[in-house]
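What follows is one structure encoded as structure tokens, with my remarks underneath.
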Amino acid sequence: MRLGARQRQLDTLLASYHSFWHPQPFRELVPSWGNEWPALLDALRKLPDAAVARLNDDSVGALSLLATHCPDVAAIVPLMALPQRAVQALPVPGPFWDWEIPGRKRAQIEAFVAAIQPEQRPVLDWCSGKGHLGRLLALAWQVPVHSLERDAALCESGQALAQRAGVAQSFVQADALTCASWPRRDEHAVALHACGHLHRRLLREAAECGASGLDVAPCCYHLGAADRYLPFSSGARLDLTRDDLRLAVTETVTAKARETRLRDRGLAWKLGFDAYRRRSGHDTYRNFKPVPESWLRGTFFEFMQHMTAREGLPTLPQVHADEFEAAGWQRRHDVMRFSIVRHAFRRALEVWLALDLALYLEQRGFEVTLGTFCARTLTPRNLLLSARR
Ligand SMILES: C[S@@+](CC[C@H](N)C(=O)[O-])C[C@H]1O[C@@H](n2cnc3c(N)ncnc32)[C@H](O)[C@@H]1O
């Protein structure tokens with residue numbers, strides 16, 4: 001299916017299910033869609049924990065569940081499925097290439113390189129960190145590489161690694177958001193997991209300056225975004241807030257068990273605090289600043305002392321701590337179930353955002369393909385946008 005047709009259909013479907021994916025379940029005691037779909041609400045409440053954990057990380061499974069109540073949502077599934085890009089074998093990159101790279105990162109870089117086509121032109125590695133990606137490209141493609149990175153220490157370590165590997169890779173220490181001389185005409189720009197404003201800037205500048213090609217795996221679409229997302233391409237109509245953009249990237253498939261436990265406790269305790277706040281006469285949810293991780297390592301009562309002091313509420317008497325902690329865990333139980341509905345649309349939103357970028361480049365004369373470069377288990381940010389003049 002052409003990218004434009006895919007975007008139009010996804011745009012229409014996502015707009016019509018806005019009430020499913022836009023509201024954040026922790027803000028409401030019962031989701032507003034529950035009035036229209038009471039049987040769905042009931043079915044979700046009865047789900048066992050294991051199914052809840054699975055469905056919150058499985059958009060296709062969650063959409064299938066939703067489709068048993070609201071059959072038309074099934075039309076989204078084929079629109080969010082993108083082909084895995086063909087891979088080519090990498091030349092053996094020599095003994096020095098993988099020094100200092102954590103295992104998962106190394107596998108992501110190798111998968112990314114195996115899925116992109118050389119242009120036989122100089123390469124720009126945008127927001128390169130220590131330049132592991134650029135180093136592998138210099139080794140595999142035998143082309144000069146510039147690695148652009150803001151952090152001086154990363155540039156210095158990257159330059160030392162490049163020297164050790166004996167490759168033509170030089171670091172440019174610069175701010176990707178303001179630098180005027182990069183990317184360059186006729187060069188091939190690559191970016192692996194450059195966050196929202198960083199990949200958006202690369203696309204705009206590459207299209208303007210006449211870059212020969214681009215290979216980008218976007219991530220963190222919400223970073224640097226305005227309160228309301230300004231679409232890149234001319235056909236995109238969906239109105240997205242920054243929280244909607246964040247929804248596109250909130251999977252935890254690569255989270256460790258310890259992180260998951262802390263996240264669960266964090267949600268339950270914050271909802272316990274919300275229950276106490278509501279009991280103190282405030283009947284709507286209010287945003288609060290991020291909670292320091294250290295506050296989640298003590299007891300719930302200590303957590304509430306920090307929170308009430310910071311948020312200007314009366315101190316919770318210790319005798320009531322168990323009651324509000326239990327209320328928090330009970331609300332977490334519901335919120336996790338209602339979140340399945342919202343999370344069902346996560347991948348579709350991410351694909352919509354990537355299509356917006358892809359069509360922007362298509363509208364500027366590039367030939368564009370959108371696919372995946374690795375399995376989701378390696379990284380959920382596995383979309384690869386490739387553009388050639
Ligand atoms: C998520 S890391 C990705 C690094 C590398 N591409 C990779 O996949 O290993 C993002 C990198 O962008 C860099 N960065 C963040 N803001 C930047 C900016 N404004 N200009 C240049 N680099 C930036 C960070 O220092 C970090 O090294």
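The values are calculated or read from the model by the stated rules, or taken from the named source; none is laboratory data. Predicted model, so just to flag it, every value in this text is computed and none were measured. Every residue, glycine as well, gets a Cβ built from its backbone with ideal geometry; the counts of neighbours run over all protein chains shown.
The number of residues in segment 126-144 being within 7 Å of the ligand (Cβ to nearest atom) and buried (at least 24 other Cβ atoms within 10 Å of the Cβ) comes to 3. Check segment 103-118 and report whether any residue there is farther than 30 Å from ASP42 by Cβ and away from the ligand (no atom under 16 Å from the Cβ). Yes, segment 103-118 contains at least one residue that is farther than 30 Å from ASP42 by Cβ and away from the ligand (no atom under 16 Å from the Cβ). All told, ARG121 meets the bar of being more than 11 Å from the ligand (Cβ to nearest atom) and either closer than 26 Å to LEU357 by Cβ or more than 23 Å from the chain's Cα centre (by Cα) (or both). Can you say whether LEU203 is touching a strand residue (DSSP E or B) at 6+ places or on another chain (Cβ under 9 Å), farther than 22 Å from ARG104 by Cα and of a type in the set (A, V, I, L, M, F, W, C), as far as the supplied structure shows? Answer is yes for this residue.
Considering only segment 239-262, how many residues are touching a helix residue (DSSP H, G or I) at 6+ places or on another chain (Cβ under 6 Å) and at pLDDT 95 or above? Number of matching residues: 0. Of the residues screened, TYR229 is not one that is hydroxyl-bearing (Ser, Thr, Tyr), over 17 Å from the mean Cα position of the chain (by Cα), away from the ligand (no atom under 16 Å from the Cβ) and on the phi < 0 side of the Ramachandran plot. Taking the criterion of being farther than 22 Å from GLY371 by Cβ, more than 13 Å from the ligand (Cβ to nearest atom) and not β-branched (Val, Ile, Thr), the residues of segment 84-102 that qualify are PRO91, PRO93, GLY94, PRO95, PHE96, TRP97, TRP99.
Here are some residues: ARG347, ARG337, ARG342, ARG376. Which one is modelled with pLDDT under 95 and either outside the structural domain of GLU205 (by TED's automatic domain parsing) or at negative phi (or both)?
Just one listed residue meets the conditions, ARG376.
Reported count of residues in segment 260-281, each being of a type in the set (Lys, Arg) and under 27 Å from the mean Cα position of the chain (by Cα), is 4. Residues in segment 145-172 that are crowded, with 22+ Cβ neighbours inside 10 Å, among the small types (Gly, Ala, Ser) and either within 12 Å of the ligand (Cβ to nearest atom) or within 18 Å of GLU187 (Cα to Cα) (or both): 2 in all. List the pairs whose first member sits in segment 310-326 and is of a type in the set (Val, Ile, Thr), whose second member is in a helix (DSSP H, G or I), and whose Cβ atoms are under 9 Å apart, counting only residues at least 6 apart or on separate chains? Matching pairs, first to second residue: THR315/MET304; THR315/GLN305; THR315/THR308; THR315/ALA309.
Within segment 173-203, count every residue that is within 12 Å of the ligand (Cβ to nearest atom) and among the polar types (S, T, N, Q). Selection size over segment 173-203: 2.
Where in segment 32-139 are there helices (runs of 4 or more DSSP H), lying fully within it, with 2 or more residues that are under 30 Å from GLY166 (Cβ atoms) and at pLDDT below 95? Once the helices (runs of 4 or more DSSP H) in segment 32-139 are filtered for at least 2 residues that are under 30 Å from GLY166 (Cβ atoms) and at pLDDT below 95, what remains is 103-115. Do we have HIS188 as under 13 Å from the mean Cα position of the chain (by Cα) and in contact (Cβ under 8 Å) with a residue 24 or more places away in the chain here? The answer is no for HIS188.
Would you call ALA358 in contact with a strand residue (DSSP E or B) (Cβ under 7 Å, 6 or more places away or on another chain) and either at pLDDT 95 or above or assigned to a helix (DSSP H, G or I) (or both)? Against the criterion (in contact with a strand residue (DSSP E or B) (Cβ under 7 Å, 6 or more places away or on another chain) and either at pLDDT 95 or above or assigned to a helix (DSSP H, G or I) (or both)), ALA358 qualifies.
Quick one: which residue in CYS219, CYS209 is touching a Lys or Arg at 6+ places or on another chain (Cβ under 7 Å), away from the ligand (no atom under 16 Å from the Cβ) and in contact (Cβ under 8 Å) with a residue 12 or more places away in the chain? Show your work before the answer.
Details: CYS219 fails: away from the ligand (no atom under 16 Å from the Cβ).
That would be CYS209, the only listed residue that is touching a Lys or Arg at 6+ places or on another chain (Cβ under 7 Å), away from the ligand (no atom under 16 Å from the Cβ) and in contact (Cβ under 8 Å) with a residue 12 or more places away in the chain.
For (1) closer than 23 Å to ALA115 by Cβ; (2) among the aromatic types (Phe, Trp, Tyr); (3) surrounded by fewer than 17 Cβ atoms within 10 Å (Cβ to Cβ); (4) modelled with pLDDT under 95, each residue gets a yes or a no:
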{"residue": "ALA180", "(1), (2), (3), (4)": "no, no, yes, yes"}
{"residue": "ASP186", "(1), (2), (3), (4)": "yes, no, yes, yes"}
{"residue": "LEU202", "(1), (2), (3), (4)": "yes, no, no, no"}
{"residue": "GLY210", "(1), (2), (3), (4)": "no, no, yes, yes"}
{"residue": "ASP215", "(1), (2), (3), (4)": "yes, no, no, no"}
